[in-house]
Amino acid sequence: MSEQVKGRKIIHVDMDCFFAAVEMRDNPEYRGRPLAVGGAADSRGVIATCNYEARQFGVRSAMPSSEAKRRCPELLLVRGRMAVYKAVSEQIRAIFARYTDLIEPLSLDEAYLDVTDCPVCQGSATLIAERIRAEILAETGLTASAGIAPNKFLAKIASDENKPNGQFVIPPGKTAEFAATLPLRKIPGVGPKTAERLASHGLQVGADVLTCTPEQLASWFGKFGPVLHQRAQGIDPRPVQTHRERKSVGVETTLARDLTSAEGCFEILQGLLPELERRLRERPFKGVQVKLKFHDFQQTTLAQQATVLELSQLQAMVMGAFERGEGRRVRLVGLSVTLSGPEQDKVQQLSLSLGE
Ligand SMILES: [Mg+2]
């Protein structure tokens, strides 16, 4: 018992249909109508976010805009205003910072907060989450939902439970119970294909997973097997990773046409190498990251230690990252390195128009 890790208080804050909500806030004529932010229906656009009116028609984020228009002909499809979303995102980050320094942003509209050491509200994470949401509403005019739990994965699942404009708590004593009945597809990392494979082994909810050994799960699902075994018990040891001044140099390119193979991605990545080398200016580095963004705007970053850029390693990393997509098409390929030594730079992302 003495070895037991001290319980953490984690809040996952997630803005409600963020881009669409900002558009409705700024354009009263959009309110009450099905609205989506995304690319045009007549090109290869996809829906980034849609409001709840649009969801009633079956419109979903990541759906091709043409399909969304088919499901909901009166759908109002507007182009995003990224600069505005970024500004609002900074506002909400400033609110988070009133409560804790331990903030891990997941995207413009989502973050994990570790409020374990926050003295506000007598340390009640539930009340802190309520205050944060109230301040977000007062200062941005937008609603957020929150999940409160002793770890990141449960907090993330919890924030979805009472969405929109709600919150949900999984107290420390209830984590195992909650995980036991949790449908596995709700666990981050379980995509549709993994869920199908789990089902083929008779695994639907957390309790089913615990009938298997971690080794058995590893033989079916590789590295994710033992992770799944932990999650099924309500365990997630990952700490909240504070927003680091990322000391890296990178290049990335958004593709004019989605890629459907790891080989295609590797080809693009090889094309990025000369620009990365140029930006690196022979500075030493200690790690390399391969980033793929999928057609539904989800992204994955695979990182490994490296002091030289070796094609065989990069190729293996691209394969690994591509597999995480579970067959999803790729719209962006990025390559970056983490610098070592005293001369470290901030992020230097350069968008190239290769592929355009
Ligand atoms: Mg959101």
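The values are calculated or read from the model by the stated rules, or taken from the named source; none is laboratory data. It should be emphasised that the depicted structure is a prediction, and the values quoted were computed from it without experimental measurement. Reconstructed Cβ throughout: ideal geometry from the backbone, glycine too, with neighbour counts over all protein chains shown. SASA here: full protein model, heavy atoms, side chains in, ligands and nucleic acids out. Shrake-Rupley method; radii C 1.70, N 1.55, O 1.52, S 1.80 Å.
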Exercise. What percent of all Cα-Cα pairs in the stretch 84-145 falls in each 5 Å bin, counting up from 0?
Worked result: 4, 19, 31, 27, 14, 4, 1
For this session: List the relative contact order of the chain as a percent without decimals, with contacts defined as Cα pairs under 8 Å and 6+ residues apart.
Result: 15
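How much length would be gained if the chain were fully extended between residue 309 and residue 79, taking 0.36 nm per residue of separation minus their Cα-Cα distance, in nm to one decimal?
On the way: separation 230, 0.36 × 230 = 82.80 nm, distance 3.81 nm.
Full-extension gain reported as 79.0 nm.
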Problem set entry | Selection from 149, 36, 242 lying farthest towards where the dipole of the chain points positive, charges on Cβ | 36
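Of 86/247; 223/293; 223/291; 9/293; 193/223; 9/86, which sit over 23 Å apart, Cα to Cα? It would help to have the intermediate numbers written out before the result.
Working: 86/247 21 Å; 223/293 21 Å; 223/291 19 Å; 9/293 30 Å; 193/223 16 Å; 9/86 27 Å.
Table pairs above 23 Å Cα-Cα are 9/293; 9/86.
Gain in length, residue 196 to residue 215, computed as 0.36 nm per residue apart minus the alpha-carbon separation, to one decimal in nm?
On the way: separation 19, 0.36 × 19 = 6.84 nm, distance 1.98 nm.
That pair, residue 196 and residue 215, stretches by 4.9 nm at full extension.
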For this session: Have a look at the stretch 175-231 and give its Rg and Dmax from the Cα atoms, expressed in angstrom.
Result: 9.9, 26
Problem set entry | Surface accessible to a 1.4 Å probe, per residue, for the residues of the chain, Å² | 51
Seminar exercise, completed: Long-range amide H partners of residue 46, meaning residues 5 or more apart or on another chain whose placed amide H is closer than 5 Å, are 39, 65
Exercise. What full-extension length gain, to one decimal in nm, is calculated for residue 323 and residue 207 as 0.36 nm per residue of separation minus the Cα-Cα distance?
Worked result: 39.1 nm
Exercise. Ordering 268, 148 from largest to smallest accessible area (1.4 angstrom probe), what's the sequence?
Worked result: 268, 148
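Under a point-charge model restricted to the Cβ atoms of Lys and Arg (+1) and Asp and Glu (-1), what is the dipole moment magnitude of the stretch 248-352 relative to its Cα centre, in debye to the nearest 20? Mind showing how you got there, number by number?
Numbers: 13 positive and 13 negative charges, 51 e Å.
So the magnitude is around 240 debye.
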For this session: Starting at the first residue of the stretch 165-182, write each ³J(HN,Hα) from the Karplus equation 6.51 cos²θ - 1.76 cosθ + 1.60 with θ = phi - 60°, in whole Hz, x for Gly and Pro.
Result: 6, x, 8, 8, 10, 10, x, x, x, 10, 5, 5, 4, 5, 5, 4, 9, 6
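Just the number, please: Stokes-Einstein D of the stretch 248-352 in µm²/s, Kirkwood Rh from C-alpha pairs, 10 °C, 1.306 mPa s. Intermediate values should be presented prior to the final figure.
Details: Rh = 13.6 Å.
Answer, rounded: 117 µm²/s.
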For this session: Taking H placed 1.01 Å from N in the peptide plane, check which residues at least 5 places from residue 144 or on another chain put their amide H under 5 Å from its amide H.
Result: 16, 165
For this session: Starting with the highest mean, order 173-186, 282-295, 103-116 by the number of other Cβ atoms within 10 Å, averaged over the residues of each peptide.
Result: 103-116, 282-295, 173-186
Problem set entry | Rounded to the nearest 20 debye, dipole of the chain from Cβ charges on Lys, Arg, Asp, Glu | 180
Problem set entry | Under-5 Å amide H pairs with residue 340, H placed in peptide plane, nonlocal only | 285, 286
For this session: Please give the FRET efficiency for residue 235 paired with residue 286, using the beta carbon to beta carbon distance and R0 = 45 Å, rounded to the nearest 0.05.
Result: 0.90
Exercise. What does the charge add up to near residue 308, with Lys and Arg as +1, Asp and Glu as -1, over the other residues with Cβ less than 13 Å from its Cβ?
Worked result: -1
Exercise. Of 178, 165, 265, whose Cα points farthest to the positive end of the dipole of the chain (charges on the beta-carbon: +1 Lys, Arg; -1 Asp, Glu; origin at the Cα centre)?
Worked result: 165
Exercise. For the chain, modelled as a GNM with alpha-carbon contacts under 10 angstrom, which of 327, 234, 222 fluctuates the most?
Worked result: 222
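Let me spell out the model: positive unit charges on the Cβ of Lys and Arg, negative unit charges on the Cβ of Asp and Glu, origin at the Cα centre of the stretch 19-81. What dipole size does that give, in debye rounded to 20?
Approximately 140 debye in magnitude.
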Problem set entry | Derived scalar couplings ³J(HN,Hα) [the stretch 277-287; Karplus, 6.51 cos²θ - 1.76 cosθ + 1.60; whole Hz; x for Gly, Pro] | 4, 5, 5, 6, 6, 6, 6, x, 9, 10, x
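Need one number for the stretch 32-105: average projected area of the convex hull over its C-alpha atoms, nm².
Numbers: hull surface 24.3 nm².
About 6.1 nm², averaged over all directions.
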For this session: Heavy atoms only, probe 1.4 Å: what % of the accessible area of the stretch 19-81 goes to carbon and sulfur, would you let me know?
Result: 50
Problem set entry | Long-range Cα-Cα pairs in the chain (distance over 37 Å), rounded percent | 24
Exercise. If you average the sequence gap of Cα pairs under 8 Å that are 6 or more apart and divide by the length of the stretch 248-352, what percent do you get for the contact order?
Worked result: 51
Problem set entry | Virtual spin-label span in nm between residue 134 and residue 122, 7 Å along Cα→Cβ | 1.6
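Looking at the chain, what % of its DSSP beta bridges pair antiparallel, to the nearest 5? If you can, show how the numbers build up before the last one.
Values: 44 of 55 bridges.
Antiparallel bridges: around 80 percent, rounded to the nearest 5.
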For this session: Read phi for every residue in the stretch 41-46 and hand back ³J(HN,Hα) as whole Hz from Karplus 6.51 cos²θ - 1.76 cosθ + 1.60, θ = phi - 60°, with x for Gly and Pro.
Result: 6, 8, 10, 9, x, 10
Problem set entry | Dimensionless Rg/Rh of the stretch 101-177 - Kirkwood Rh, Rg from C-alpha atoms | 0.94
